[in-house]
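Some notes on the structure that comes next.
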Amino acid sequence: MGHHTVELTRLVSTGMNSIRLRMRPLLLAVLAVATACSGSRLFYVTSELPKLEDAPELELVVGPGPWPAVPTVLSDQAAVPDDLVLATLKALMTLPGATDACDWNGQPRPDASEYCVAVYRTPQDWRATWPIRKLVREQGACKPPFGGVEDADFGRGLPVFGYAHNHTCGLFASSTDLRRFPAMRSPEGIWVVVGYAATPSGQPALDGQGLLIPAWHWLATGRGDEPRFYKWNPQGEVFRWREDKRHWEFQAICKPQSSSMLTGNVLPPECSPELTDWY
């Protein structure tokens with residue numbers, strides 16, 4: 001009788017451990033939401049944010065700023081300061097589920113999360129918006145604030161110089177990522193994606209010579225203890241940040257591919273030369 005009791009206890013313990021392992025991703029996701037809803041907010045979700053009233057069907061979300069986790073940067077240069085970019089990318093990787101949230105097969109767990117932020121300039125400094133979160137297994141990708149910025153000090157109408165987001169499983173940019181740049185309204189009233197810094201009202205940002213300022217997209221990926229930071233422009237020129245050299249090193253020219261007609265999946269971009277450190 002004692003032997004059967006011990007065996008029954010072992011089976012029950014094994015079953016409970018199995019349940020705990022299966023429930024852990026769900027519990028982590030619930031914890032992340034609970035933390036976000038508490039006094040120490042970490043991110044927003046799309047449903048919480050306003051959209052541009054004149055284009056609600058396009059879901060042009062307005063991102064609140066500045067994000068307190070990223071110090072503002074004083075600089076009078078026309079290009080986005082690296083100090084702001086690197087601080088933003090590093091802060092993204094500390095958010096719940098932003099990195100190391102994949103199973104043994106390299107697939108994202110239920111708590112894996114992507115976060116999108118906008119990088120913008122005020123009359124005084126450079127800032128990043130609060131991150132907008134999307135759980136990876138939800139439909140679509142995280143939505144950048146194409147509707148611009150609602151800054152706590154300067155309101156709306158500020159120029160956006162690009163977007164940054166993270167990948168949870170160490171992957172490089174997707175074809176969809178390579179197409180995402182600031183959106184603005186054309187003189188004809190049509191919303192278009194542009195390759196330069198601009199406000200949603202259609203006002204471009206200009207440098208000291210009156211020239212358009214290129215926009216960028218940045219990506220934080222890799223593992224938490226071994227991050228990789230990339231940036232690319234509308235021409236598909238991809239650069240990787242080299243911490244030891246303290247500069248952006250050219251990697252390749254990458255072009256997005258259309259979705260597969262057979263599977264409907266978004267194909268990875270074509271890069272020349274081929275990137276060897278995607279994951």
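The values are calculated or read from the model by the stated rules, or taken from the named source; none is laboratory data. Model, not experiment: these values are computed from the prediction. Heads up, the Cβs are rebuilt from the backbone with ideal geometry, glycines too, and the neighbour counts pull from every protein chain shown. We work out accessible area using only protein heavy atoms, side chains counted, and drop any ligands, DNA or RNA first. Shrake-Rupley method; radii C 1.70, N 1.55, O 1.52, S 1.80 Å.
Overview of results
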| read-out | value |
| --- | --- |
| Those residues of the range 103-112 which are modelled with pLDDT of 85 or more and either under 13 Å from the mean Cα position of the chain (by Cα) or part of a strand (DSSP E or B) (or both), in sequence order | 112 |
| Matching option when the condition is over 17 Å from residue 254 (Cα atoms) and at pLDDT 95 or above, among 159, 182 | 159 |
| Residues of the range 135-172 classified as crowded, with 19+ Cβ neighbours inside 10 Å, within 16 Å of residue 220 (Cα to Cα) and in contact with a Phe, Trp or Tyr (Cβ under 8 Å, 6 or more places away or on another chain), total | 9 |
| Number of the exception - residue 175 against (1) touching a strand residue (DSSP E or B) at 6+ places or on another chain (Cβ under 6 Å); (2) open to solvent by less than 10 Å² (accessible area, probe 1.4 Å); (3) over 16 Å from residue 93 (Cβ atoms) | (1) |
| Output for the range 198-252, where each listed residue is without any contact (Cβ under 8 Å) to a residue 40 or more places away in the chain, farther than 30 Å from residue 187 by Cβ and aliphatic (A, V, I, L, M) | 252 |
| Filter result (open to solvent by 50 Å² or more (accessible area, probe 1.4 Å), of a type in the set (Gly, Ala, Ser) and either modelled with pLDDT of 95 or more or part of a strand (DSSP E or B) (or both)) within the range 232-279 | 272 |
| Residue that is farthest from the chain's Cα centre (by Cα), among those in the range 213-226 that are over 22 Å from residue 175 (Cα atoms) and open to solvent by less than 50 Å² (accessible area, probe 1.4 Å) | 213 |
| Number of the exception - residue 127 against (1) of a type outside the set (A, V, I, L, M); (2) in contact with a helix residue (DSSP H, G or I) (Cβ under 8 Å, 6 or more places away or on another chain); (3) farther than 26 Å from residue 202 by Cα | (3) |
| All positions within the range 142-168 that are among the hydroxyl-bearing types (Ser, Thr, Tyr) and farther than 14 Å from residue 113 by Cα | 163 |
| Filter result for residue 92 (crowded, with 23+ Cβ neighbours inside 10 Å, under 23 Å from residue 236 (Cβ atoms) and of a type outside the set (Asp, Glu)) | yes |
| Test result for residue 181, surrounded by 13 or more Cβ atoms within 10 Å (Cβ to Cβ), over 18 Å from residue 122 (Cβ atoms) and aromatic (Phe, Trp, Tyr) | yes |
| Pairs where the first residue, in the range 116-144, is within 20 Å of residue 231 (Cβ to Cβ) and of a type in the set (Gly, Ala, Ser) and the second is modelled with pLDDT under 95 and not in a loop (DSSP other than H, G, I, E, B), C-beta under 8 Å, 6+ apart | 141/114; 141/134; 141/176; 141/177 |
| Residue selected from the range 113-137 under the condition in a loop (DSSP other than H, G, I, E, B) and in contact with an Asp or Glu (Cβ under 9 Å, 6 or more places away or on another chain), by the criterion modelled with the lowest pLDDT | 136 |
| Residue check, residue 180 on the phi < 0 side of the Ramachandran plot, in a strand (DSSP E or B) and of a type in the set (Lys, Arg) | no |
| Residue list for the range 186-197, filter: more than 26 Å from residue 230 (Cβ to Cβ) and without any contact (Cβ under 8 Å) to a residue 24 or more places away in the chain | 186, 187, 188, 189, 190 |
| Residue that is nearest to the chain's Cα centre (by Cα), among those in the range 40-58 that are open to solvent by 80 Å² or more (accessible area, probe 1.4 Å) and under 16 Å from residue 185 (Cβ atoms) | 58 |
| Single condition residue 229 does not satisfy, out of (1) modelled with pLDDT under 90; (2) closer than 18 Å to residue 164 by Cα; (3) open to solvent by less than 50 Å² (accessible area, probe 1.4 Å); (4) not charged (D, E, K, R) | (1) |
